[in-house]
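Accompanying notes for the structure given below.
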Amino acid sequence: MIKYFHKFANPVRFLKLAIPIKKISGIAAFFTIFIGLIFALLLSPPDYQQKETVRIMYIHVPSAWMSLMTYGFIFLSSVFFLIWRFPLFLILAKESVPIGIIFTFSALISGALWGKPTWGTYWVWDARLTSFLILFFIFLGLKLIKDTFSNSSKGNYTFAYLSLVGGFNLPIIKFSVDWWNTLHQPASIIRTGGISVSNEMLAPLFLMALGLFFLFIYILLVSVEINIKEKSLINFRDSLKNN
Amino acid sequence: MSKEYLLEVKNLSCERNYKLIFDNVSFKLCSGGVVLINGNNGSGKSSILMCISGILEYKGLIKINKKYNDKIGYVGHKNALCEEDTIYEYLTFWKKIYNYKKDFNYVINFFDLRKYLEIPIKFLSFGQKKKLSFLRLQMIKSQIWLLDEPISGLDKRTRSLIINLITKHIEKGGGVIATSHQIINLRKVKNIMRVKID
Amino acid sequence: MSKEYLLEVKNLSCERNYKLIFDNVSFKLCSGGVVLINGNNGSGKSSILMCISGILEYKGLIKINKKYNDKIGYVGHKNALCEEDTIYEYLTFWKKIYNYKKDFNYVINFFDLRKYLEIPIKFLSFGQKKKLSFLRLQMIKSQIWLLDEPISGLDKRTRSLIINLITKHIEKGGGVIATSHQIINLRKVKNIMRVKID
Amino acid sequence: MTRLFILLLSREVKGYLFNTNKSWFALGFFLLCILIFPLSLGGSEDLLKKISISSIWICALFANLISLESLFKEDYKNGTLLQYHINRIPFFIIVFTKFICHWLFTGFPIIILSPLFLIFLSGSYENILGLFYSLLIGTPLFSLIGMPISALTLGSAARGPILVFLTIPFFLPIIIFGVLSVNSFSSGSFSEYYLLCAILSIGIIFLPYITIKILKESLE
Amino acid sequence: MTRLFILLLSREVKGYLFNTNKSWFALGFFLLCILIFPLSLGGSEDLLKKISISSIWICALFANLISLESLFKEDYKNGTLLQYHINRIPFFIIVFTKFICHWLFTGFPIIILSPLFLIFLSGSYENILGLFYSLLIGTPLFSLIGMPISALTLGSAARGPILVFLTIPFFLPIIIFGVLSVNSFSSGSFSEYYLLCAILSIGIIFLPYITIKILKESLE
Ligand code: HEM
Ligand SMILES: Nc1ncnc2c1ncn2[C@@H]1O[C@H](COP(=O)(O)OP(=O)(O)OP(=O)(O)O)[C@@H](O)[C@H]1O
Ligand SMILES: Nc1ncnc2c1ncn2[C@@H]1O[C@H](COP(=O)(O)OP(=O)(O)OP(=O)(O)O)[C@@H](O)[C@H]1O
Ligand SMILES: [Mg+2]
Ligand SMILES: [Mg+2]
């Protein structure tokens, strides 16, 4: 009975909770990103050194943050799944992988594009960039596992464990700028010494970050909803067959 | 006569890749008893054995009596036959694994495999490979034998040898769960239970 | 009634790795006839079939009548079942290879495999895999069928279906060479020849 | 005959495309190798530039080597080759389809990507054409030479040593001439290209033939 | 328990030694790779000297990678793992024996041979000790990380992509730190060694555990 409850009832109850949140975050994402883009592209001042190219920052930094956050989320969900064996956490973790890929990819591309005017090259093999590239590959690997075992019950624990192992990379990315001397600039916002960026640039940055965060929640909930409904459809079909 | 059970299966059902294979299977294997699982191709006989041996996940209850030796002997389609090893290597390895003290000369002669002793397993014929797996089975000190189609592809003589083996095992107080499409002629065994699944 | 032969085997002997497997086997397969090869495990039944199908080297004579279609249909232990393919892919591929014009819906329903059509072959049970190989066999336009233990591991219904298949093939003028440890109950076939090897 | 050829080719291609197993493997391995070079050199741009051509060749070789083993393996293990043989499907069709597909999915993408990686590794645009042409002749040679070796590993237990000790003597000349040819391309001499072409044209006749012989022998 | 351990270990070792298949494979591949480097560089001594350390590391990685796939494969295919499971043989024994043997026959010979090759490639005696130590920590890490990946490829069709995409992120850090550590050894700082040691000590606890989980899942 309890097993039954764990398996079906909870995701469905979760859906009840999730659908309103999904709608709200969808709307919120739209507006924050919209306003954020206006600020970022029109209202915020150009940098005195980097001129207009600084506007790439409003894409680059939020998506870099979000990709790190997404991986953190996958990591935590996997931990919870391994502790409590709650399938819902696994669904959450699995469905965030494609979103993470998108964020990581856009941070990579925007970073590379930003690198050309500021560093004179698209790519260097320094610690920050390399470790971030590795994160991208880890995301791809997880996506692969998710896909190859998609219509089988195997691979759940495999996915969870590997996302745990991949977690080693997060601190490396975060602190690579401090541990090694890299071309990439060290943290100027999320750091122990307090914020060191002017407010005019900070506002759109945070707006964009918030917007992407809402976007993340929105996409995640949509795909989780589809996933859960699909699963219950299978079970429904099976129960029809048996009767 | 209420003999003690070796293994109890209750309301067993099994899903593979979200597909229900079988449902609501219950039986009890007693010491000195045989359970024959019947069913069509694809009905899930092999899957039941795999559930019992702990490979597949299942719902329901499988209880193995801890009072007895709870080791399980399994002979199925895949029999740990390492193609490159010779028969001799194979047998000595598993003999050590199972801590089988006796010499295995007896078992080898039993199945007429002596002259193939130094041949790599990949050169054996289908039936010879099967015989070899039964040799391994005899070295396990286990009460419960799970046999997946034990006599298919074997000649008359070997079949009767294997039936003898089963009978002996049962007389010693063991239990056998077997699936088969052929009739296993266990005349001397009284406690035979037939389970039909579909 | 001197029917024409499809295949003639004379004084066949075969060595594998310098070991004589069998010696001096002779028989004739006529159109509408069945040759059943008997023998103990490891006596070389499968090897004979492999010689006929041209895989093993042999000494002696194997003559296939060129007047007839000289293609050979072979179902043995290895049946070209690519684990990752689905049944549907498997059948369409071999259908095209054999240039089989008819729809294979009929053959699929015949063996009750329709609902597994989209399942990868590795998920099938032992018997289902065997059925699948028989589906392939039916698509070859060949006179000579070589069947290595055609009915082992199959349930009653499938067994009788396969015996029907064989009977039909023979009625159409084909010939079958089969090995088996089980009794193949070919009541309607008159021209059965038994070859014993050891 | 053509029908059979197309049929087998399409099956092979399907296998590569949908059985994600194969198609990504060689290419992925190539990417992996290419990535490892700059990383393990510790960021010395200068060095990277100098070894860029060699490293692309080496990676192409490895990608080829690693996908070699499975060339005939599955068809052999599950008896498909056996059925082909029994059903009198000419083996040269099989061997050629295998060859074409193997090249198409390991050699070809590498050729296409090589200019990109050359720029990525060396940062300059010279040598692109030379590398492109030399790979264009070299990768089919890899696949061709690989085939009999792959066939050899089927029946025997000594897969490893065969693969290694046979590949060394046969692949090394190719890679040496390949790298040399790129250097000589910029100086306007094409002798290495001619040599490679000669090897290729001889190889395309004899190597499939040898492969067929070995395959048939392994079926026993 | 110890009895079982010794038994399985000796079987594994026998498999490597007599089944020439395995023992030569990794080492042979290593030799092949090492040979290709100087040959494909076209004889530029100077260059060779500079990339000698990286190339030895790269070759060690490849040798490891190429022998990874077959780590559990045979035991899985012929049902030995299944029998182990049914007969309640603790999987950690199996995994550890596999690990030890894999390292013993791919990592260890490479470590032993590495000074030789360093001299052969670079022509000088410096860095020998640094390379030796870094390989000593790095190669078991390769084997350790390789195990769960190898286990992963068992059940699934997507052997290739998994092997590639999972090895990249997990092997790359090791090779980066490995190469860095050799350079910093000569300058007297050992931070990379400590880091590698830390990863090793964490890995040796968790990675076999994860491997066991994945193996059991693949048995179904
Ligand atoms: C492909 C190249 C690049 C990659 C992969 C990359 C990656 C990242 C990542 C992962 C972060 C988040 C780190 C954290 O939260 O601590 C980040 C933040 C940042 N990146 Fe990049 N980056 C790249 C290029 C650049 C370039 C060219 C610039 C500008 C010169 C730049 C400026 C920044 C800034 C200002 C931050 C915010 C740091 C903070 O305050 O936390 N990045 N980048
Ligand atoms: N991994 C799997 N995923 C999905 N379905 C599976 C899987 N393995 C087996 N099946 C299905 O489960 C059913 C039962 O398989 P099983 O091997 O237990 O049959 P069986 O009774 O032993 O048949 P046979 O008499 O042919 O050996 C089959 O229909 C098969 O298609
Ligand atoms: N490659 C080989 N080298 C040496 N001996 C072999 C080889 N292959 C098979 N044999 C031997 O040849 C004999 C005949 O094998 P075959 O497979 O033909 O037997 P079979 O009659 O089909 O037996 P079964 O009824 O068990 O299937 C066996 O004793 C086997 O050990
Ligand atoms: Mg079965
Ligand atoms: Mg046989």
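The values are calculated or read from the model by the stated rules, or taken from the named source; none is laboratory data. Since we're looking at a predicted model, the values are computed, not measured. Virtual Cβ from ideal backbone geometry, glycine too; neighbours counted across all protein chains shown.
One residue stands out among those in region C:180-198 that are more than 12 Å from ligand 3 (Cβ to nearest atom) and without any contact (Cβ under 8 Å) to a residue 60 or more places away in the chain: the one that is nearest to the other protein chains (Cβ to nearest Cβ), which is C:I183.
Remark: pairs (first residue in region C:46-58, closer than 14 Å to C:V35 by Cα; second residue hydroxyl-bearing (S, T, Y) and more than 16 Å from ligand 2 (Cβ to nearest atom); Cβ separation under 8 Å; 6+ apart in sequence or on different chains) = C:S46/B:S125; C:S46/C:T179; C:I48/C:T179; C:L49/C:Y74; C:L49/C:T179. Here C:G127 does not fit the description of being free of Cβ contacts under 8 Å to residues at least 12 places away in the same chain and within 14 Å of chain B (Cβ to nearest Cβ).
For the condition assigned to a helix (DSSP H, G or I) and farther than 22 Å from A:K22 by Cβ, what is the one hit in A:F89, A:F105, A:F81?
Selected residue: A:F105, the only one of A:F89, A:F105, A:F81 that is assigned to a helix (DSSP H, G or I) and farther than 22 Å from A:K22 by Cβ.
The single condition among (1) buried (at least 23 other Cβ atoms within 10 Å of the Cβ); (2) assigned to a helix (DSSP H, G or I) that C:I177 does not meet is (2). So, in region B:148-174, of the ones that are within 16 Å of ligand 5 (Cβ to nearest atom) and part of a loop (DSSP other than H, G, I, E, B), which residue ends up farthest from the other protein chains (Cβ to nearest Cβ)? Step by step, filter region B:148-174, then rank; the result is B:I151. Among the numbered conditions (1) of a type outside the set (F, W, Y); (2) crowded, with 21+ Cβ neighbours inside 10 Å; (3) within 11 Å of ligand 3 (Cβ to nearest atom), the only one that B:D112 does not meet is (2). Which residue pairs have Cβ atoms closer than 7 Å, lie 6 or more positions apart in sequence or on different chains, and pair a first residue in region D:116-128 that is surrounded by 11 or more Cβ atoms within 10 Å (Cβ to Cβ) with a second residue that is small (G, A, S)? Short answer, once both residue conditions are applied: D:L118/D:S52; D:L121/D:S52; D:L121/D:S55; D:S122/D:S52; D:E126/D:S186; D:N127/D:S186.
E:F170 meets all of the listed conditions (1) within 23 Å of A:T148 (Cβ to Cβ); (2) more than 12 Å from the chain's Cα centre (by Cα); (3) more than 14 Å from chain D (Cβ to nearest Cβ) but one, namely (3). Within region B:41-98, if we keep just the residues that are away from ligand 4 (no atom under 16 Å from the Cβ) and within 14 Å of chain C (Cβ to nearest Cβ), the residue that is surrounded by the fewest Cβ atoms within 10 Å (Cβ to Cβ) turns out to be B:E83.
A:L76 fulfils the conditions (1) part of a helix (DSSP H, G or I); (2) over 13 Å from the mean Cα position of the chain (by Cα) except for a single criterion, (2). Has region C:142-161 got at least one residue that is surrounded by fewer than 20 Cβ atoms within 10 Å (Cβ to Cβ), polar (S, T, N, Q) and without any contact (Cβ under 8 Å) to a residue 60 or more places away in the chain? The answer is yes; a qualifying residue exists.
Condition check: within 11 Å of another protein chain (Cβ to nearest Cβ) and not basic (K, R). Does E:I128 satisfy that? No, not satisfied.
Among E:V164, E:V182, which is the only one that is in contact with a Gly (Cβ under 6 Å, 6 or more places away or on another chain), modelled with pLDDT under 90, crowded, with 22+ Cβ neighbours inside 10 Å and at the interface with chain D (Cβ under 9 Å from one of its Cβ atoms)? Unique residue meeting the criteria: E:V164. Tell me, yes or no, whether region D:102-117 has at least one residue that is in contact with a His (Cβ under 9 Å, 6 or more places away or on another chain), within 30 Å of C:C82 (Cβ to Cβ) and within 12 Å of another protein chain (Cβ to nearest Cβ). No, region D:102-117 contains no residue that is in contact with a His (Cβ under 9 Å, 6 or more places away or on another chain), within 30 Å of C:C82 (Cβ to Cβ) and within 12 Å of another protein chain (Cβ to nearest Cβ).
When residues in region D:72-115 are screened for being free of Cβ contacts under 8 Å to residues at least 40 places away in the same chain, of a type in the set (F, W, Y) and out of contact with any Ser or Thr (no Cβ under 9 Å at 6 or more places or on another chain), 1 of them pass.
If I ask for residues that are of a type outside the set (V, I, T) and within 14 Å of ligand 4 (Cβ to nearest atom), which ones from region B:140-166 would you list?
B:L146, B:L147, B:D148, B:E149, B:P150, B:S152, B:G153
Within region E:10-29, is there a residue that is at the interface with another protein chain (Cβ under 10 Å from one of its Cβ atoms), of a type in the set (D, E), touching a helix residue (DSSP H, G or I) at 6+ places or on another chain (Cβ under 7 Å) and closer than 25 Å to E:S218 by Cα? Scanning region E:10-29 turns up no residue that is at the interface with another protein chain (Cβ under 10 Å from one of its Cβ atoms), of a type in the set (D, E), touching a helix residue (DSSP H, G or I) at 6+ places or on another chain (Cβ under 7 Å) and closer than 25 Å to E:S218 by Cα.
Return the residue satisfying two criteria in turn: it lies in region C:1-40 and is near ligand 3 (Cβ under 9 Å from one of its atoms) and in contact (Cβ under 8 Å) with a residue 12 or more places away in the chain, and of such residues it is surrounded by the most Cβ atoms within 10 Å (Cβ to Cβ). Across region C:1-40, the extreme among qualifying residues is C:I37.
Number of residues in region C:53-92 that are within 20 Å of B:G153 (Cβ to Cβ) and basic (K, R): the value is 1. Does at least one position in region C:110-129 carry a residue that is more than 16 Å from ligand 4 (Cβ to nearest atom) and hydroxyl-bearing (S, T, Y)? Checked against the condition, which is being more than 16 Å from ligand 4 (Cβ to nearest atom) and hydroxyl-bearing (S, T, Y), region C:110-129 yields no hits at all.
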